[in-house]
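Just so it is clear, none of the values below were taken in a lab; they were calculated from the coordinates. Since we're looking at a predicted model, the values are computed, not measured. Cβ placement follows ideal geometry from the backbone for every residue including glycine, while neighbour counts extend to all protein chains displayed.
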Amino acid sequence: MSRERIGASELLRLDAVSMHYGAGENSVTALAGVDLSVKRGELVAIMGASGSGKSTLLTIAGGLVTPTSGEVVIDGQYLRDAKPAQLAAIRRRTLGFVFQDFNLVPALTAVENVSLPLELDGWKRSKARRAALDALHLVELDDRSEHFPDDLSGGQQQRVAIARAVVGGRTLILADEPTGALDSQTGEVVLRMLRSRIDEGAGGILVTHDARHAAWADRIVFLRDGRVVDETRRDDASALLATGA
Amino acid sequence: MSVRHGLLALLSQGPSYGYQLKVEFERRTGDSWPVNVGQVYNTLDRLERDGLIERGETDGDGHVFYAITDAGAAEARAWLEGPVVRGAAARDELAVKLALAVTLPGVDPEAIIHAQRVATIRSLQELTRSKAAGGDPDSPEEFVWQLVVDALIFQAEAEVRWLEHSEARIRRLQARSGSGGADGGATASASRPVSAEPPATTTASAR
Ligand SMILES: Nc1ncnc2c1ncn2[C@@H]1O[C@H](COP(=O)(O)OP(=O)(O)OP(=O)(O)O)[C@@H](O)[C@H]1O
Ligand SMILES: [Mg+2]
């Protein structure tokens, strides 16, 4: 089959992605034909009501879930064609994922949680640890690096998860409500940090309920019932106002 | 608020003249509220007339200095320390527009919400961008400017949240009233307090 060459600056592309959970009468359509592209230096925010498909879109974009139909391309690699080893390498090196429920390893300290993906990728322990401490510093958690997740507040755990997603120069950052547990000032620290990573050449998707945080993005995409209903760009004077139907 | 209170607050720090007051007012509000010198002189005249300030000496450059009176100092303190009471929320243009849209047949309130949300988010993005590009937040000028920008950012955010809340409420109402009616189904017909028909048709007001 002939496939369009992906632009060099394009980090992520979703082509006509649909996702149905379950089958028959109980089947749920979580996404219905979503197209989305993220370039280097671009942050895209996704907004939408609870259940509109935001987390589904993010897990598909990160290759954690295979869509029912449609294609996902990360850094030129069609995920459907990727071998398990290739997929694992993309997850370790390119992708930084912030889960809505943090997903920290309870038996590891904050700094160990952050350095884990680097060590899995073959970094020397001491170098991985240094990078992890730097990442924790960015989210203002220097004094909590040796704590276990259970001994951290919700917002602190969330910041560990964010540090883990940006450590080691990941180029595609996918963050599901990364500021959900944070007060507004700490949320802004995280957004500034994310924004500067993106400005340095990464790309990212930020799922958020908070318009104030979405406003840090270059584009804001609204999902409703699994479809993109409208889109706001930062630079274009024109905002696209599509009818959802 | 008025420029009046701002000038009074500045004068409570010591005597000053018109142009200096204009510059200080703008600097201390992060240039968020430009005033022209004429406006400052008019305000000073009114403050003098009301006994809140007094005309003092004229310096070598012809600047007329004004000094605050006891009554003026009391008013400045009352303004600074008292809460700001805003005008009736019911007069907010957007809220009124949406309220009308919900009751008028043939008007789609969701389209209004969409258009407003796009516009408000775009201005939120612009505010955020200018804030992100701002200088060192430790300098006093930058700090007060960011305070003012933050106020605008939080107001815009609140508007977006209200729009989303309203959209969800309207959709729920439509679902409950099984709408989808002849006029496109966008308006919440069951909730229409009065018909948009002229009052000649008395049946319309029977509800
Ligand atoms: N594993 C699953 N099995 C079945 N249905 C699912 C599954 N995951 C999600 N769904 C359904 O898919 C839809 C979209 O869910 P998703 O988690 O993507 O929403 P969301 O926009 O992230 O919501 P929230 O803001 O509450 O996090 C929902 O109707 C949900 O019930
Ligand atoms: Mg979710």
Treating only Lys and Arg (+1) and Asp and Glu (-1) as charged, each at its beta carbon, one finds that the stretch B:3-80 has a dipole about its Cα centre, in Debye to the nearest 20, of 260 debye
For the stretch B:3-80, whose charge dipole is built from +1 on Lys and Arg Cβ atoms and -1 on Asp and Glu Cβ atoms, the candidate among B:Gly30, B:Ala73, B:His63 with its Cα farthest towards the positive end is B:Gly30
With Cα coordinates, the longest principal axis of chain A makes an angle with the long axis of helix A:184-199, in degrees rounded to 10, of 70 degrees
At 4 °C in a medium of viscosity 1.567 mPa s, the stretch B:3-80 has a Stokes-Einstein diffusion coefficient, with Rh taken as the Kirkwood radius over alpha carbon pairs, in µm² per second, of 105 µm²/s
With the convex hull built on the alpha-carbon atoms of chain A, volume per residue in Å³ sits at 144 Å³
Set A:Lys54/A:Lys83; A:Lys54/A:Lys124; A:Lys83/A:Lys127; B:Lys22/B:Lys131, cut-off 32 Å on Cα-Cα distance; pairs above it are A:Lys54/A:Lys124
If one compares the long axis through the Cα atoms of helix A:110-120 with the longest principal axis of the Cα atoms of chain A, the angle in degrees, nearest 10, works out at 70 degrees
Simple spin-label estimate for A:Asn26/B:Ala71, 7 Å along Cα→Cβ, in nm, reads 7.9 nm
Given unit charges at Cβ for Lys, Arg (+) and Asp, Glu (-), the dipole magnitude of the protein assembly as shown about its Cα centre in debye, nearest 20, is 1540 debye
Share of Cα-Cα pairs in the stretch A:57-203 beyond 22 Å, whole percent, is 38 percent
Taking the dipole of the stretch A:1-136 about the Cα centre (Lys, Arg +1; Asp, Glu -1; charges at Cβ), the one of A:Met47, A:Ala107, A:Ala128 that reaches farthest to the positive side is A:Ala128
Rg/Rh of the stretch B:89-176 (Cα atoms, Kirkwood Rh), to two decimals, equals 1.13
One finds the C-alpha centres of the stretch B:1-53 and the stretch A:60-77 to be spaced, in Å, by 61 Å
What one gets for the protein assembly as shown as the Kirkwood radius, inverse of mean 1/r over different Cα pairs in Å, is 25.9 Å
Straight-line reach check, A:Lys39, cutoff 18 Å on alpha carbons, 8 or more apart in-chain or any other chain, hits among aspartates and glutamates -> A:Glu4, A:Glu10, A:Asp15, A:Glu71, A:Asp75, A:Asp199, A:Glu200, A:Asp218, A:Glu231, A:Asp235, A:Asp236
Quick numbers on the stretch A:35-116, Rg and Dmax over C-alpha atoms in Å, give 14.3, 39
Treating only Lys and Arg (+1) and Asp and Glu (-1) as charged, each at its beta carbon, one finds that chain A has a dipole about its Cα centre, in Debye to the nearest 20, of 740 debye
